[in-house]
Amino acid sequence: MASLRARAAARRVPQSLRSRQLALGGLIAALAIVASRDVSGVFVTLHRQLLGNAPWPLTAPPSDVGAVESSRWLRPLVRAAASAAPARATSLVATAAAAAGGEKRNRKKAYLPTGEATFLTAAGQPLILSPNGLRTARFEFAQGSGLILNVETAPSFGPQAMSTLVTERDVTDTIGVVPQDKLGIRGLRDLFWLTDKCFLFTGFEGPARNLAWIADIAEETSFLVSVPSAEADTFVPLNIDGAPSVRLDAQGLPEVLLGFSNAGEKRERSWCWYSMADRTLVDASVGTGSNIPTTLWREAIVSPTSGNVEAILLLNGTLRRHTPAGWIDLGTLRRAESAGIPGAMSGAQTLMPREYLIGFGPDNSVFAVDTLAPGAQLPRDTPSLADLVIADGCVEPPKGAADFAAWVLKQSTQRQTAGLVRFAGAGAAPEPLFVHPFADILASNVWVEPETGRLEAVAVEDVEPRLFVLGASRPQVTSGNSAGGDSLRSLMMGVEPPAVVEDSQQSTDEGSSIEHLLRSLQEKMPSEVVLGGATLSGSSLEPVLVERHGPRWLVGFRHPSLSETITLPALIEDGEAVWVGAEALVVKGSARNSETLEREPRVEGHRLQAEDGSGDVTFYLVLPAVVDPAALVVRLHGGPQDRDKWGADGLDAWFLSRGYGVLKVNYRGSSGFGQQWSSSAPSATSASPSDGFLDDVVAALRWTLDVRQVFGKSYVGDGRVPPVAVMGQDFGGFAVLQALLHHRELFACGVAVAPTQALPHWPDSHVPNAAVRAKVNALREADSWTGSADGVDPAGRALAPAENAEAFRGLPLLVIEYEKDEAEARGQ
């Protein structure tokens with residue numbers, strides 16, 4: 001299918017509205033073109049051309065583009081079709097392009113010298129602690145040597161620490177990892193400590209091979225991990241703590257569990273132990289007593305003490321547990337079974353995170369996340385009513401403890417959310433330990449005590465992130481109030497309990513110990529915490545995630561305004577925090593950019609019931625600190641299986657600095673809210689064709705405009721197009737095109753970055769609304785198309801953007817394509 005080129009055209013609307021459209025479109029276009037350049041003059045020129053001498057909405061003209069660090073996806077070449085664009089809009093794009101370095105044909109490629117790369121500076125690299133927390137490692141470029149790895153003393157932990165963010169530390173060991181003649185050919189993606197002197201790297205060599213390397217400081221050498229075949233790709237199966245499984249052989253040398261995705265049509269995966277002693281691979285099933293080949297493994301749990309494989313999850317969802325009497329089947333994980341056989345790993349995927357299995361118990365049990373069947377027993381723990389955001393129209397939860405737990409279970413089974421469960425015996429139904437009515441439990445968000453394997457707490461990303469203590473020592477409500485588990489926030493508030501009776505099952509020493517630790521973290525929290533160039537109140541932070549290195553912990557705290565956690569160091573002794581650092585660490589996945597915090601964004605989380613009753617639409621508003629926004633940008637995530645989370649990021653901060661607000665919608669197909677929502681399956685309760693993802697976006701936007709009245713007034717019935725732009729990438733870009741195609745009355749302009757354009761099979765998740773779904777069904781029925789691999793899906797005639805190219809001609813639309821994408825890649 002031919003690629004859709006960008007077309008920009010002004011609709012026949014009043015001049016004032018056209019100015020608003022061009023202001024939004026022009027500024028977003030400028031952002032796209034110059035996101036990685038210091039060209040503040042472009043913004044000033046564009047603003048004056050669009051709005052004359054009118055002031056900026058909130059702030060002075062931008063002096064830099066530092067706030068867009070996280071928006072690297074907006075850097076590709078902007079392609080504009082001048083033939084369909086009004087002269088004024090064309091000149092704006094041309095002006096911005098000229099200021100940014102000229103037309104494509106005149107542009108010269110410029111490469112940053114490796115030694116000057118920001119990510120190679122000590123301050124720019126994430127802190128990667130050794131298992132005992134005493135050392136860290138970072139990359140450095142050395143002229144003539146290439147890329148080297150420095151092993152350094154870790155920052156100080158404890159009350160005597162002068163500073164937690166140290167940019168220069170004592171180097172104790174150095175080893176070369178990428179020779180200078182291999183730079184640009186070999187690339188590294190991930191780094192793991194295996195032992196105090198040994199590292200595992202993942203990366204690539206050449207255009208398509210995923211490989212792994214070992215760096216041995218003791219032997220002063222680094223070498224490539226052997227692979228089963230010349231075409232195999234290497235990946236690393238991760239533990240619940242995000243690290244690879246490592247065991248020691250008889251000589252005390254490490255062996256690491258690796259996976260290989262074989263070439264061929266089936267792309268089968270195999271698992272092997274890689275031995276440092278003789279640099280060989282041994283099939284991971286050898287010595288386990290299991291006759292099931294590793295090509296059927298989906299996940300595995302390795303004992304951190306014995307190094308034995310204790311549990312295996314098979315591709316078909318069957319869970320097997322190793323016991324003294326041999327291997328037994330504990331049952332089937334419904335969620336894994338419905339997921340089907342995993343597809344081939346992508347070219348950039350070198351890690352396989354743990355998705356289902358969490359740990360094992362001494363009674364031959366296994367802990368996992370799974371959806372529950374109707375009729376399952378009541379869960380041990382649930383959130384409290386105070387921790388839930390319930391959509392209008394949802395059945396009001398009952399008051400009594402047992403009734404509330406039954407209501408939570410019913411909501412969970414209807415939405416098919418993943419709960420924390422325990423598989424305890426062959427043929428026995430899984431026991432629900434913690435269930436959330438609206439949100440999935442992620443295996444990586446469960447706190448597990450590493451020495452005992454005891455489950456301590458679970459962080460849940462619903463509308464807002466919350467940490468829930470498991471088995472908390474709390475009273476059980478019998479009447480007059482809502483029941484459920486305690487989040488950390490309610491524990492810290494010290495709320496007086498209602499009339500209760502004690503429940504010995506939930507009032508446990510285990511719950512008390514983790515509660516005590518969490519309270520000590522709050523008590524030792526500094527009054528002020530430094531994030532980059534900003535200072536924030538320590539009392540505003542709540543712990544949600546943890547990374548343990550002996551007594552040295554890296555604790556991820558949530559901030560009420562930020563989408564990323566803030567990581568602080570903590571020293572833990574005898575189950576109690578004795579010190580928490582006052583300066584945020586640069587850790588992978590944590591907040592680094594203080595510009596977002598300095599904008600003081602107002603963040604709101606909302607939930608609406610979908611109009612067709614198929615689920616709930618969760619969405620977020622990010623608004624300027626004080627005044628109403630001058631305009632609104634609807635940011636649509638990709639996937640569609642991705643999701644938006646609470647808080648503002650760097651791109652949000654850029655929009656806030658210009659006086660714009662941001663709306664982010666978790667439309668159907670988004671992950672995190674149960675399989676019913678993520679599968680985009682048509683509603684089983686509706687006799688007519690069900691809604692689509694675009695209906696959810698429109699419902700959230702209409703509520704924002706007319707109920708929340710984000711502009712201080714309603715747009716109902718006056719015929720005006722509100723000052724709203726819509727933008728997204730990949731599937732989000734496809735959603736932008738559908739939004740402009742079907743709802744021109746709501747969107748003043750749109751920016752589509754590398755939108756999906758052609759697919760061999762169009763899944764239901766790409767159907768925007770009920771009317772298009774009916775058309776898709778009619779096209780497939782007319783062609784007798786059954787969904788087989790043969791033939792072209794006739795749904796493309798209704799969904800492919802190129803089929804609607806003429807309709808886009810009259811729209812204020814900017815399409816951005818990646819400069820190096822081939823035509824066939826743009827449909828991915």
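The values are calculated or read from the model by the stated rules, or taken from the named source; none is laboratory data. Note that this is a predicted model, so its numbers are computed, not measured. Note: ideal-geometry Cβ built from the backbone for every residue, glycine included; neighbour counts use all protein chains shown. Please note that ligands, DNA and RNA were not included when accessible areas were found on the heavy atoms of the full protein model with its side chains. Shrake-Rupley method; radii C 1.70, N 1.55, O 1.52, S 1.80 Å.
By a 1.4 Å probe calculation restricted to protein chains, residue 727 has an accessible surface near 0 Å², given to the nearest 10.
In the structure shown, the pairs 399/713; 410/524; 410/588; 399/664; 182/588; 524/645 are assessed against 31 Å; a Cα-Cα span above that value is assigned to 399/713; 410/524; 410/588; 399/664. Electrostatic tally near residue 692: other residues with Cβ closer than 13 Å to its Cβ, Lys and Arg +1, Asp and Glu -1, net -3. Rolling a 1.4 Å probe across the protein heavy atoms gives segment 310-402 an accessible surface of 43 Å² per residue. Which of the three applies to segment 347-443, rounded, prolate or oblate, going by the alpha-carbon gyration tensor with a ≥ b ≥ c and a/c under 1.5 meaning rounded? Oblate, since a/c reaches 1.5 and b/c is not below a/b.
Ranked from the most accessible area to the least, with a 1.4 Å probe and all protein chains present, what is the order of 603, 463? Spell out each step's value before the answer.
Details: 603 25, 463 0 Å².
The residues order as 603, 463, largest area first.
Quick one: grab the alpha carbon gyration tensor of segment 193-348, order the square roots of its eigenvalues as a ≥ b ≥ c, and give me rounded if a/c is under 1.5, else prolate or oblate depending on whether a/b is larger than b/c. It is oblate, given that a/c is not under 1.5 and a/b is not larger than b/c. Secondary structure note: in segment 560-659, about 85% of the DSSP beta bridges are antiparallel.
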